[in-house]
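Read through the structure below, which is laid out as structure tokens, and then see the notes.
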Amino acid sequence: MTEISAEQGVVLSGTGGTWRVQRDDGIVVEASLRGRIKKSNSGKRADGSLRRDTISAAADTLKLAVGDRVLLEEDESGSTAIAEILPRRSRLARRAPGGGHGERVVAANVDQVVVVFAAANPEPHPRMLDRFLVIAEANDLKARIVINKVELVGGADVARERWSLYERIGYPVHYTSVKQRLGLEELHDAFAGVVSALTGPSGVGKSSLLNAMFAGLDLRVGEISESVNKGRHTTVGAYLHPLPDAQGGYVADTPGLREVGMWALSPTELDQCFPELRPFLTQCRFADCRHSVEPDCAVRDAVSRGDVSVARYESFIKLREELEGVKPSR
């Protein structure tokens, strides 16, 4: 009789056929996904709850995601198979591409979303940053902001003048320079022992930052990608990188994170994704207040008093119009 040994591991990358899994002993193996797992997960989430959509079993074979902890079984011939997907503590999930309504888990067991922008070159756009932060909030994930290349604007203190708004809201903000080795030690510690989804526009130095903090990682510059595929048959590609000397930390490359419309956010819940708006939401006269033109709107009153920044409020309005399918106001 064939003997089977079982171990646990974390999924680093793969597609429906073969997956790269790092076992708990540190060895990376290739493993196939057992057909019975695909079938048993069809129509259900990892926690056992029913999915709202009903899509074909073939389309649901990508239920397994990078970051998933799995049970591996190896037979005496040396073949390894993923026998079970272990319960997730969190997930970064979006709807399926191509207009479908199914959920697509981009990365599982994520602890934080780290958004990297450059202080200059490329010129940063705060409203794009707001998009990344909304996606993190919508997934109930903590967000951390990195402003890189601060040497291009005269240092961290100068950069802070532009971005301190986000610190006041409550987001941790790191000011870094790879060339000058500024802020790297503190940021390094923020990656220790957790799974981070790293994202941001292209050209801001994401790969260079990781290489500078983690000796031996050796990512190609530009490997942390922000390419977006919009074809009907494309999938959301992600890769989980184990971080050397990070107490078991991982970083997930999550392309396409800024495409807010593809995450099927509800316009009526968008205000909950702006932390500084939350204290005022129950004070509006109307429970379904859009915080646009309605009378006795506590949010607009807060903006008038300076308790909420005009820039962030305008970001909220434009994102809501976008999610509602309204042509954004200029």
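The values are calculated or read from the model by the stated rules, or taken from the named source; none is laboratory data. The structure displayed is predicted, hence computed values, not measured ones. Ideal geometry is used to build each Cβ from the backbone, glycine not excepted, and the neighbour counts take in all protein chains shown.
A few points about this structure:
- Qualifying residue in segment 168-182 (condition: at pLDDT 95 or above, among the aliphatic types (A, V, I, L, M) and within 30 Å of Ala302 (Cβ to Cβ)): yes
- Test: Ile147 is surrounded by fewer than 20 Cβ atoms within 10 Å (Cβ to Cβ) and either out of contact with any Asp or Glu (no Cβ under 6 Å at 6 or more places or on another chain) or closer than 15 Å to Leu129 by Cβ (or both): no
- Positions within segment 105-140 being of a type in the set (Gly, Ala, Ser) and part of a strand (DSSP E or B), in sequence order: Ala107, Ala108, Ala118
- Per this entry, Asp157 is not counted among residues that are of a type in the set (Asp, Glu) and in contact (Cβ under 8 Å) with a residue 12 or more places away in the chain.
- The set of residues in segment 274-299 that are part of a helix (DSSP H, G or I) and either loosely packed, with under 15 Cβ neighbours inside 10 Å or free of Cβ contacts under 8 Å to residues at least 12 places away in the same chain (or both) comprises Pro275, Arg278, Pro279, Thr282, Gln283.
- Restricting segment 254-273 to residues that are assigned to a loop (DSSP other than H, G, I, E, B) and over 15 Å from Ser315 (Cβ atoms) leaves a set whose member that is modelled with the highest pLDDT is Ser266.
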